[in-house]
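The next block holds one structure in the form of structure tokens; read it before the comments.
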Amino acid sequence: MKKAALILLFATTLFSNHSYASGGFCTMLEKICQQKDIDADAFSDFFQRVGVNITKATDLDMYATVFKWLYTPYRYGGKGEKGIDCSNYVFKLMNECSDSYATSRQLADLTEYVDREELKEGDLIFFNVKGYGISHVGVYLQDGKFTHSCSSKGVTISSLDESYWNARYCRAGRIIGK
């Protein structure tokens, strides 16, 4: 099965908000799943299991892309399906067709500070996992959940409430100009 290409223009259109209410959520979900070659039931079931309410999603395309990358193994410096690191995963979500690279720290420099209480879907969240400043990045989904690529699980969804991530949280940011 070939991965569907999802082009999200870097910065200005990163995770742009869409209203799915007018076209009917189920219809839009089925359409996006069909475009991305994803089983709609598996998609819905997965997000329900991890505690993400996709009916609250403002960007189903982003969730479909997250779903397509799930369980991709972690590989430091990796950029593809055989392995990917956290910053490349986030960069792929921002612009899947880009061969560019940015570290977690460089991605942080592209953002404006956002209070943790003000997080919105698509915001970047940064962590200190190595003891010397920002060294890990993820993308906020909703209700304290975020997606990222970590060395122990690969691409996954975690909670900011987990003690490990809560203790290492540095800051959140929104892409400047978004």
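The values are calculated or read from the model by the stated rules, or taken from the named source; none is laboratory data. Treat the numbers as computed from the prediction; the structure is a model and nothing was measured. Positions of Cβ are generated from backbone atoms using ideal geometry, with glycine treated the same way; all protein chains shown enter the neighbour counts.
Results, tabulated for the structure shown:
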| quantity | calculated |
| --- | --- |
| Breaking point among (1) surrounded by 15 or more Cβ atoms within 10 Å (Cβ to Cβ); (2) within 29 Å of ASP45 (Cβ to Cβ); (3) not polar (S, T, N, Q), for LEU107 | (2) |
| Segment 27-50 residues that are closer than 10 Å to PHE67 by Cα and touching a residue at least 12 places away in the same chain (Cβ under 8 Å), paired with ones that are among the β-branched types (Val, Ile, Thr) and part of a helix (DSSP H, G or I) (beta carbon under 6 Å, 6 or more apart) | PHE47/ILE54 |
| Only one of ASP45, ASP37 that is part of a loop (DSSP other than H, G, I, E, B), at pLDDT 85 or above and not β-branched (Val, Ile, Thr) | ASP37 |
| Search result, residues across segment 134-178 that are surrounded by fewer than 18 Cβ atoms within 10 Å (Cβ to Cβ), among the small types (Gly, Ala, Ser) and assigned to a loop (DSSP other than H, G, I, E, B) | GLY144, SER151, SER152, GLY177 |
| Residue check, VAL52 of a type outside the set (Lys, Arg), modelled with pLDDT of 85 or more, in a loop (DSSP other than H, G, I, E, B) and closer than 19 Å to GLY122 by Cα | yes |
| Residue within segment 153-166 that is more than 27 Å from ILE54 (Cβ to Cβ) and not assigned by TED's automatic domain parsing to the domain that holds ASP61 present | no |
| Scope segment 112-126; condition under 25 Å from ASP61 (Cβ atoms) and either buried (at least 16 other Cβ atoms within 10 Å of the Cβ) or touching a residue at least 60 places away in the same chain (Cβ under 8 Å) (or both); matching residues | GLU112, VAL114, LEU119, GLU121, GLY122, ASP123, LEU124, ILE125, PHE126 |
